[in-house]
Amino acid sequence: MPKKNIAAVDVKGKRVLCRVDFNVPVEDGIITDDRRIREALPTIKSILDRGGRAVLVSHMGRPEGAGYEAEFSLKLCATKLSDLLGKPVGFPSQDCTDAAAAKAVAELKDGQVVLLENLRFHKAEKKGDAVFAGKLAAYGDVYVNDAFGTCHRPDASMVAVPKAMAGKPRVVGFLVEKEIKFLSEAIKAPKKPFVVVLGGAKVSDKMGAIENLLPKADAVLIGGAMAYTFLKAMGKKVGSSKTEDDKLGEAKRTLELAAKLKAELHLPVDHICSTQFAEQSGDIHIFDDQIKDGYMGLDIGPKTQAKYASVLSKAKTIVWNGPMGVFEWMPFRIGTNQVAKAIAEATGKGAISIVGGGDSAAAVEKFGLSDKMSHISTGGGASLEMLEGKPFESVELLDNA
Ligand code: ADP
Ligand code: MG
């Protein structure tokens, strides 16, 4: 059931409590990727432009939960948001529930915005505590969830707060709506051929997504470290590649399921390998099929790159989660780069492409292909759970359209 959007709520003169996800990466006091803040702008602007009073709440990082910690302050986000909006953003105090925060909310005028301090400075946020939620709920006449990256979490601001606001409008923002449209609806009845590309560090992270997508997909292309668990389960020699030996049984069952469903499940047929898990120091060698002892697979090889590009060139819907190799290191980024290029080209020819996963999004950004994809999710864990087909309580409890 589609959810009601903030655009459908008359916000004039109302305090709109808006849960955003400003959990952005920070290095040396600088936000290194502000995409989550930029992606929240349509919702924030929609509230302000129509005379609403926006009360923004978010978490950042993993503080202790025992009060203010400068390292996890949202102050930087307030400044960044102010730059992006071109207007002041109130940032009243070091505690989202203290008297100064409550006063700032009470004194907001139409078209003004405040950002309260990190919700996770209170342990109560992660615990879903009802008393804490009640304090936040009192700040709003309307509740908006635009925190896609946190939608899979039952934290207080995601679930207990909207529950405490029953009877008031409780809606999704533009970002959450867009993420659901791509990560759930586009995949429910995908335009065919539907090709799923999965890679990254661990097969255990992605098993749920494979199982959910396999019955719908025409082809599943596997790369990254997770490929080696599958290859080992098939009895191939994988050298010292990263594998999860407790998942071999599960990998075997997945291969059998793919065969039963007649889904094409592709594994790498050649590998760029090294004797060391390092960018420069190892002996780099390409192996077909069997990897020699002492070598580990760190990227898909040229034959696999060509095969995957050819499958992708015919796709009409593409979901990609997880890099094909250790793309952070120059010698092992080609596979991920070739796959990203193939997806960008297919998108140019009319395919819908959806990229999930923090590292995959970073890779696409690194290759300068971000604007060539239909959708790049702002949520790592949340996008994966959505690909697993799991419902989110934080979204389900909101008003239907
Ligand atoms: P995402 O964040 O896109 O979901 P993951 O977190 O699952 O992706 O995996 C990304 C990580 O996997 C990267 O840091 C990358 O270096 C690593 N990786 C990819 N292929 C391999 C490999 N063959 N061996 C070891 N690590 C790999
Ligand atoms: Mg990751």
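The values are calculated or read from the model by the stated rules, or taken from the named source; none is laboratory data. Values in this document were obtained by computation on a predicted structure and should not be read as measured data. When we count neighbours, we look across all protein chains shown, and the Cβ atoms used for this are built from the backbone with ideal geometry, even at glycine.
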Give the number of residues within the stretch 340-381 that are among the polar types (S, T, N, Q), within 13 Å of ligand 2 (Cβ to nearest atom) and in a loop (DSSP other than H, G, I, E, B). 1
Can you tell me which residue within the stretch 183-204, out of those that are closer than 13 Å to Gly356 by Cα and within 16 Å of ligand 1 (Cβ to nearest atom), is surrounded by the most Cβ atoms within 10 Å (Cβ to Cβ)? Val197
Checked Leu265, Leu257, Leu248, Leu231 against criteria (assigned to a helix (DSSP H, G or I) and within 25 Å of Gln338 (Cβ to Cβ)); the one match is Leu231
Counting only residues that are within 16 Å of ligand 1 (Cβ to nearest atom), out of contact with any Phe, Trp or Tyr (no Cβ under 9 Å at 6 or more places or on another chain) and charged (D, E, K, R), the stretch 352-389 contains a total of 2
Taking the stretch 267-284, which residues are of a type outside the set (D, E, K, R) and closer than 19 Å to Lys237 by Cβ? Leu267, Pro268, Val269, His271, Ile272, Cys273, Ser274, Thr275, Gln276, Phe277, Gly282, Ile284
Applying the selection to the stretch 279-297, what residues are surrounded by fewer than 12 Cβ atoms within 10 Å (Cβ to Cβ) and closer than 22 Å to Ala201 by Cβ? Gln280, Ser281
Out of the residues in the stretch 337-369 that are among the polar types (S, T, N, Q) and more than 18 Å from the chain's Cα centre (by Cα), state the one that is farthest from Phe148 (Cα to Cα). Gln338
The residue from Asp218, Asp141, Asp110, Asp155 that alone is closer than 14 Å to Leu56 by Cα and either acidic (Asp, Glu) or within 16 Å of ligand 1 (Cβ to nearest atom) (or both) is Asp141
Assess whether Phe332 counts as being more than 30 Å from Phe174 (Cα to Cα) and more than 21 Å from the chain's Cα centre (by Cα). yes
When the stretch 311-330 is examined, which residues are found to be within 16 Å of ligand 1 (Cβ to nearest atom) and either in contact with a helix residue (DSSP H, G or I) (Cβ under 7 Å, 6 or more places away or on another chain) or more than 18 Å from Ala201 (Cβ to Cβ) (or both)? Ile318, Val319, Trp320, Asn321, Gly322, Pro323, Met324, Gly325, Val326, Phe327, Met330
Which one of Lys178, Lys163, Lys168 is more than 16 Å from ligand 2 (Cβ to nearest atom), at pLDDT 95 or above, among the basic types (Lys, Arg) and closer than 18 Å to Met373 by Cβ? Lys178
Flag for Asp34 being over 16 Å from Phe148 (Cα atoms), charged (D, E, K, R) and surrounded by fewer than 23 Cβ atoms within 10 Å (Cβ to Cβ): no
Inside the stretch 382-395, can you point out the residues that are part of a loop (DSSP other than H, G, I, E, B) and either on the phi < 0 side of the Ramachandran plot or hydroxyl-bearing (Ser, Thr, Tyr) (or both)? Glu388, Lys390, Pro391, Phe392
If I go through the stretch 30-60 residue by residue, how many of them are in a helix (DSSP H, G or I) and either farther than 15 Å from Asn118 by Cα or of a type in the set (Ser, Thr, Tyr) (or both)? 13
Please find, within the stretch 280-310, the residue that is nearest to the chain's Cα centre (by Cα) out of those that are assigned to a loop (DSSP other than H, G, I, E, B), at pLDDT 95 or above and within 15 Å of ligand 1 (Cβ to nearest atom). Gly301
Using beta carbons and a limit of 9 Å, which pairs, at least six apart or on different chains, have the first residue in the stretch 146-174 and under 25 Å from Gly389 (Cβ atoms) and surrounded by fewer than 21 Cβ atoms within 10 Å (Cβ to Cβ) and the second one modelled with pLDDT of 95 or more and among the acidic types (Asp, Glu)? Pro154/Glu393; Val159/Glu393; Phe174/Glu39; Phe174/Asp146
Please go through the stretch 185-226 and pick out each residue that is away from ligand 2 (no atom under 15 Å from the Cβ), in contact with a strand residue (DSSP E or B) (Cβ under 7 Å, 6 or more places away or on another chain) and assigned to a helix (DSSP H, G or I). Ala186, Ile187, Ile210, Leu213
So which of Thr243, Thr304, Thr275 ends up being in contact with an Asp or Glu (Cβ under 7 Å, 6 or more places away or on another chain) and crowded, with 21+ Cβ neighbours inside 10 Å? Thr304
